[in-house]
Amino acid sequence: MLSILIPTYNYDILPLAREVHKQASNLKSDFEIIIMDDASPVLGFDKNELNRFSNLRFIELPQNIGRSSIRNRLAKTAKYEWCLFLDADVLPVNTNFIDSYLKAISKDSEVINGGILYQDNNPDNIENLRWVYGRKREALSCEQRNKNVYLSFLTLNFMIRKSLFERICFNEDIPNLRHEDTLFSFNLKEQGIKVEHITNPVYHMGLEDSKTFLDKSLKSVEALSLLVSKKLLPYQYTRISKVYQNITTWGLNSLCAFIYLKFKLLFERHLLGKRPSLFIFDLYRLSYYCYINKKN
């Protein structure tokens with residue numbers, strides 16, 4: 001009945017594999033776990049440990065294919081009707097995590113999203129920005145997510161019918177930058193696919209240091225700009241592209257691009273510090289969006 005699909009790259013998958021296998025084994029439902037490694041240079045765990053788990057397959061890809069392609073390949077490999085996608089760096093919050101997903105299924109269900117949490121303990125200062133952003137912007141309650149059903153959808157913890165995923169999968173034609181989940185959620189919206197948000201969260205464990213997260217954030221801005229320019233996403237769909245369109249209409253985009261050049265180092269010094277402001281983080285990304293579009 002359930003295929004648990006986990007893409008991984010350079011991460012110790014054993015804690016998640018142990019937990020989901022334990023939970024699935026305690027239920028009276030058919031299941032499989034497929035872990036697919038995207039050509040990690042170093043696995044970081046003993047893959048022989050995975051041989052102890054029944055109904056589990058570990059597949060090592062010979063070359064890296066990226067976040068969109070590996071999810072599509074996992075779904076094609078799955079044999080059951082429901083596919084539960086989990087990122088490698090998460091852990092279920094509750095011991096009835098798998099059971100809660102199965103109980104949420106109705107005859108009308110198409111996509112079910114469980115949500116995400118971050119642990120209460122503040123990590124080392126080097127990880128502050130990722131932790132602050134995650135808790136404020138991603139760790140939303142079910143009620144908060146239902147206010148913006150599609151844009152609050154995150155692909156690190158969701159379940160989807162395999163037959164539906166065969167029609168609406170991840171776009172493999174876009175560069176392997178970021179925002180593949182944003183594009184996927186928009187495609188669901190365009191097709192009128194029902195997304196149910198439930199309270200069945202995972203902890204996000206793999207926090208990058210603040211410098212890495214900042215670098216990825218700029219890559220994410222570049223990816224968003226590309227998707228909008230190629231008309232794969234309407235500018236109204238995300239906050240940054242919508243605000244950019246407004247300030248361009250007001251003739252302020254050049255000023256905003258100048259702000260990035262003038263204050264880039266100051267922004268980064270603040271965001272890498274002990275108390276990063278999400279307002280500064282938003283301004284940093286918006287001004288960069290203006291800068292790269294001014295260059296183009």
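Give me the angle, in degrees from 0 to 90, between the Cα long axis of helix 253-271 and the longest principal axis of the Cα atoms of the chain, rounded to the nearest 10.
The answer is roughly 60 degrees.
Could you work out the helix-only [θ] at 222 nm for the chain, with each DSSP H run of four or more residues adding -39,500 (n - 2.57) and the total divided by the number of residues, to the nearest 500 deg cm²/dmol?
Numbers: 11 runs with 125 residues, N = 296.
Per the formula, -13000 deg cm²/dmol.
Pairs on different chains or at least eight residues apart, Cα atoms closer than 18 Å: how many lysine pairs in the stretch 2-204 fit?
Count of close lysine pairs: 15.
Could you give the length gained by full extension between residue 190 and residue 107, i.e. 0.36 nm per residue of separation minus their alpha carbon distance, to one decimal place?
Between residue 190 and residue 107, full extension yields 27.7 nm more.
Quick one: compute the contact order of the chain, relative version, from alpha carbon pairs under 8 angstrom and 6+ residues apart, as a percent.
Numbers: 480 pairs, mean separation 56.9, N = 296.
Once normalised by length, the contact order is 19 percent.
Take every DSSP beta bridge with both residues inside the chain and express the antiparallel ones as a percent of the total, to the nearest 5.
35
Under the Cβ-under-4.7 Å rule, which cysteines of the chain stay unpaired?
So far as the 4.7 Å Cβ criterion goes, 83, 142, 169 stand without a partner in the chain.
For the stretch 116-190 and the stretch 212-253, compute the distance between their C-alpha centroids and round to whole Å.
Distance between centres, Cα-based: 17 Å.
What ranking do 141, 185, 210, 100 get, fewest neighbouring Cβ atoms within 10 angstrom at the top?
In order of increasing Cβ crowding within 10 Å: 141, 100, 210, 185.
Students often get this wrong, so try it: which of (1) 20.8; (2) 20.3; (3) 19.3 is Kirkwood radius over Cα pairs in Å as calculated from the structure shown?
Correct label, based on the coordinates given: (2).
Once phi is turned into ³J(HN,Hα) by the Karplus curve 6.51 cos²θ - 1.76 cosθ + 1.60 with θ = phi - 60°, what whole-Hz value does each residue of the stretch 230-240 show in order, with x for glycine and proline?
Going residue by residue, I get 8, 6, 7, 10, x, 4, 6, 6, 10, 5, 4 Hz, with x marking Gly and Pro.
I'd like the FRET efficiency for residue 26 and residue 229, computed as 1/(1 + (r/R0)^6) with the beta carbon distance as r and R0 of 41 Å, rounded to 0.05. Before the final figure, lay out the partial values.
Values: r = 49 Å, r/R0 = 1.19.
So, using R0 = 41 Å, E works out to roughly 0.25.
Taking the number of other C-beta atoms within 10 Å as the exposure measure, put 1, 36, 159 in order starting with the fewest.
Ranked by crowding around the Cβ, least crowded first: 1, 36, 159.
Once you list every other residue whose beta carbon is under 9 Å from the beta carbon of residue 80, what net charge do they have if Lys and Arg are +1 and Asp and Glu are -1?
-1
Please report the relative contact order for the stretch 210-295, taking Cα pairs under 8 Å with a sequence separation of at least 6, and give it as a percent rounded to a whole number. If you can, show how the numbers build up before the last one.
Details: 64 pairs, mean separation 33.2, N = 86.
Reported as a whole number, the value is 39 percent.
All of the numbers you see were taken from the coordinates with simple rules; none came from a lab. Since the structure is predicted, the reported quantities are computational estimates derived from the model, not experimental observations. Ideal geometry is used to build each Cβ from the backbone, glycine not excepted, and the neighbour counts take in all protein chains shown.
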